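These notes concern the structure reproduced below.
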Amino acid sequence: MVSSEIKNFGILGFPVGHSLSPQMYKAAFTAAGFPNYNYIPLSIQAGKLYMAVEGLKGLGFRGVNVTIPHKTTISRYLDAIDADALVIGAVNTVVNDGGMLTGYNTDVSGFLAALAEANFLPEDSHAVILGAGGAARAILWGLCKRKAEYITIGARNPQKAQALANDFLNYGAVEGFDWNSDEFKEIIQTADILINTTPLGMFPNVDNMPPIDLKLLPEGALVYDIIYNPAETKLLKTARELGFPTLNGLSMLLLQGKESYRLYTGQIPDLKVMAKALEKNLKSR
């Protein structure tokens, strides 16, 4: 049954021009019989975030996804925070129920579902995370929930890496390091999985990658880059050429989108339709 009701959704960040979320959600809405559901890119600079959030209420937006640089700051302007988002300290989905805004983090469920699809079990593993920003927090929480044995955070700023580790010490064995240090280079030699949560290598800066010597990884370690544009980053290309299994961020984007869609509509979207929209728009870029 096709609905004539008009509802607005969007993605809030700065910049947002690279995002494939508008195409993904619009395709899912149309397939579900909601042709008048709109999904709008909302380019909002940090200093205007409060006004933007108030604007969501005034304009009657049903919900928005949240991306860089607002994931860790938007919570102060919301009425309620979901348990996962509260632990993570980052929000990527906001739902508006009659003017009450609730923040969620579906990155964690998308990340874990993508790992399951790749047949990787985090339990008892040594996981290495590159980066210490909002995306890293969701990944870290997912690994803690699945009882990873040891989690290493490597970042350009070792103080930031250790500060992030300290936030999760009650949930697992977590340590932060300078990713250029000899100690970090030694530690990654026992990694079962290496996860890039930084934007290094994301379109249009496709020639960039974290300064990690992948040859130090043990044979069979999974190299996972949560970037999805391009589908194969320089990090993943290098890893593949060295014989490591790889995983990009497309599955995580799709599966966190599935959960956000459920929060928005109470329904499960057609994942094949969403995946097709993502693949079509990636090829056109």
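Considering only residues that are modelled with pLDDT under 95 and polar (S, T, N, Q), look in segment 48-74 and name the one that is farthest from Phe111 (Cα to Cα). Taking the candidates together, the pick is Thr73. Scanning segment 77-129 for residues that are closer than 28 Å to Glu183 by Cβ and polar (S, T, N, Q) yields a total of 1.
Please go through segment 135-158 and give me each residue that is over 22 Å from Ile68 (Cβ atoms) and in a helix (DSSP H, G or I), ordered by number. Those that are over 22 Å from Ile68 (Cβ atoms) and in a helix (DSSP H, G or I): Cys144, Lys145.
Leu49 satisfies every condition listed in (1) surrounded by 15 or more Cβ atoms within 10 Å (Cβ to Cβ); (2) in contact with a strand residue (DSSP E or B) (Cβ under 9 Å, 6 or more places away or on another chain); (3) over 21 Å from Ala132 (Cα atoms); (4) touching a residue at least 40 places away in the same chain (Cβ under 8 Å) except (4).
Beta carbons closer than 6 Å, at least 6 apart along the sequence or on distinct chains, pair a first residue in segment 107-120 that is on the phi < 0 side of the Ramachandran plot and buried (at least 21 other Cβ atoms within 10 Å of the Cβ) with a second that is assigned to a helix (DSSP H, G or I) and polar (S, T, N, Q) for Asp107/Gln256; Gly110/Gln256; Ala114/Ser251.
Restricting attention to segment 135-156, the residues being closer than 16 Å to Leu194 by Cβ, at pLDDT 95 or above and crowded, with 22+ Cβ neighbours inside 10 Å number 10.
Here Asn170 meets each of (1) assigned to a loop (DSSP other than H, G, I, E, B); (2) polar (S, T, N, Q); (3) touching a residue at least 40 places away in the same chain (Cβ under 8 Å) with one exception, condition (3). In summary, Glu175 fulfils each of the numbered conditions (1) in a strand (DSSP E or B); (2) within 27 Å of Leu271 (Cα to Cα); (3) charged (D, E, K, R) with the single exception of condition (2).
The values are calculated or read from the model by the stated rules, or taken from the named source; none is laboratory data. Just so it is clear, the structure is predicted and the values come from calculations on it, not from any experiment. Neighbour counts run over all protein chains shown; Cβ positions are idealised from the backbone, glycine included.
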